[in-house]
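The next block holds one structure in the form of structure tokens; read it before the comments.
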Amino acid sequence: MSAAAPDAAGCVLYVMGVSGSGKSTVAAAVCDALSAQGRAAKMLDADDLHPPANVAKMRRGEGLNDEDRWPWLRAVAAAACSTAGDGVAVVACSALRRAYRDALRAGSGGRRARFVHLAIPETTARSRSAARTGHFAGPTLAASQFAALEPPATDEADAASVDATRALSEVVRNVLAAADLF
């Protein structure tokens with residue numbers, strides 16, 4: 001990503017990673033940080049857009065396959081564009097594979113898309129998933145999530161990884177810096 005921060009209007013920032021990486025928590029904190037800077041920012045949690053069949057599958061501890069994910073990714077891209085408006089949509093979304101990120105890019109409606117991968121070890125993902133309550137994705141999904149994960153490649157100029165095992169304030173600073181939204 002470039003060193004100079006471009007105008008963030010109409011941008012979609014995908015905070016991505018495996019289940020338990022802290023996507024929702026970090027995305028909400030990033031949105032708050034942007035709003036505190038006077039930027040129009042709204043958060044969207046892609047988990048809210050899963051169809052009931054996907055949620056049921058994950059509740060049973062079954063990982064999603066591409067057939068499950070493609071319609072959901074189209075819905076996420078459309079909702080992200082709608083949410084962004086003239087500001088920044090901060091979207092908590094797994095976007096595990098490059099093909100999924102490509103689909104989200106293609107569905108960006110001309111808006112700049114940025115991806116920041118929250119990198120954590122599998123043991124951390126399992127423990128975080130086990131500790132949370134009320135979420136359909138439990139610790140048994142960690143193995144399938146890590147099996148599907150393709151961290152951003154060096155040729156994905158709009159994507160970066162940050163260490164999500166750090167303190168939340170540090171993770172947020174690193175996400176904003178990696179996304180060129182400071």
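Values for this structure:
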| quantity | calculated |
| --- | --- |
| Residue-by-residue Karplus 3J(HN,Hα) for the stretch 48-56, coefficients 6.51, -1.76, 1.60, Hz, glycine and proline x | 5, 9, 5, x, x, 5, 5, 4, 4 |
| Cut-off under 5 Å, modelled amide H: who pairs with ALA40 long-range | VAL88 |
| Cα-projected label distance for SER169 with ARG74, points at 7 Å along beta-carbon direction, nm | 4.5 nm |
| Packing rank of 45-51, 62-68, where each peptide gets the mean count of other beta carbons within 10 Å, highest leading | 45-51, 62-68 |
| Packing-based order for 81-93, 14-26, 112-124, using average beta carbon neighbours within 10 Å, highest first | 14-26, 81-93, 112-124 |
| Options (i) -0.48, -0.67; (ii) -0.63, -0.79; (iii) -0.42, -0.59 - which one matches log10 I(q)/I(0) by the Debye sum over Cα atoms at q = 0.11, 0.13 Å⁻¹ as calculated here | (iii) |
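Read-outs throughout are calculated quantities, based only on the coordinates presented, and are distinct from any laboratory measurement. Because the structure is predicted, anything quoted here is derived from the model rather than measured. Cβ atoms come from the backbone with ideal geometry, glycine included; neighbour counts cover every protein chain shown.
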